[in-house]
1. Counting only residues that are under 15 Å from residue 94 (Cα atoms) and of a type in the set (A, V, I, L, M), give me the strands (runs of 3 or more DSSP E) lying completely in segment 1-79 with at least 1 of them.
2. Check residue 136 against each of (1) under 36 Å from the mean Cα position of the chain (by Cα); (2) assigned to a loop (DSSP other than H, G, I, E, B) and name the one condition it does not meet.
3. Looking at segment 1-17, I want the residues that are among the β-branched types (Val, Ile, Thr) and have a partner that is outside any strand (DSSP E or B) and exposed (fewer than 10 other Cβ atoms within 10 Å of the Cβ) with Cβ atoms under 8 Å, at least 6 apart or on another chain. Which pairs are those?
4. Can you tell me which residue is surrounded by the fewest Cβ atoms within 10 Å (Cβ to Cβ) among those in segment 45-94 that are basic (Lys, Arg) and over 24 Å from residue 32 (Cα atoms)?
Amino acid sequence: MLQVNDKISIPLREFSFRYSRSSGPGGQNVNKLNTKVQLRWNVLASEHLPDDVKERFHKKYSRRITGAGELVIFSQRFRDQGRNVGDALNKLREMILSVATAPKKRKPRKVSRRAKQRRLDQKRRQSEKKRRRQGLD
């Protein structure tokens, strides 16, 4: 079970993992062991993700989602498969957490009288400066 927060948890059966040979450090193991992890998850078909979170997730990470609606995450940071699986799941947890809470609505505020006055004074000073630069007829 991938526990994202107290409200969102996703069972591991929704994910599919593929393993391949990793690049980078590892000595002889790099040529023998499949330590690179590819996590695939069908975001749109997930029943454990609330619809509003699913919508925000798809909007934010649409470039990382395939045409079939699958999110693909790679991890080859570590030299062993188990830690790379954990790393891929942590990456996914962070992605979901970033869209789990709805953004706050912006409350438009009235411009203060003092701010309006400052803006008009600045415009007046700029206008005077440019008027003084002009030659007299």
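1. On the way: elements: 15-20, 36-42, 70-75.
Here the list reads 36-42, 70-75.
2. Every listed condition holds for residue 136 apart from (1).
3. 10/1
4. Residues of segment 45-94 that are basic (Lys, Arg), as a first pass: 54, 56, 59-60, 63-64, 77, 79, 83, 91, 93.
Subset that is over 24 Å from residue 32 (Cα atoms): 54, 56, 59-60, 63-64, 91, 93.
Working: 54: 17, 56: 18, 59: 9, 60: 12, 63: 5, 64: 13, 91: 15, 93: 17.
Once the filter is applied, the top-ranked residue is 63.
Values in this text are rule-based calculations from the coordinates and carry no lab data. This one's a predicted model, so the numbers in the text were calculated from it and none came from an experiment. Don't worry about glycine lacking a Cβ; one is built from the backbone with ideal geometry, like all the others, and counts go over all protein chains shown.
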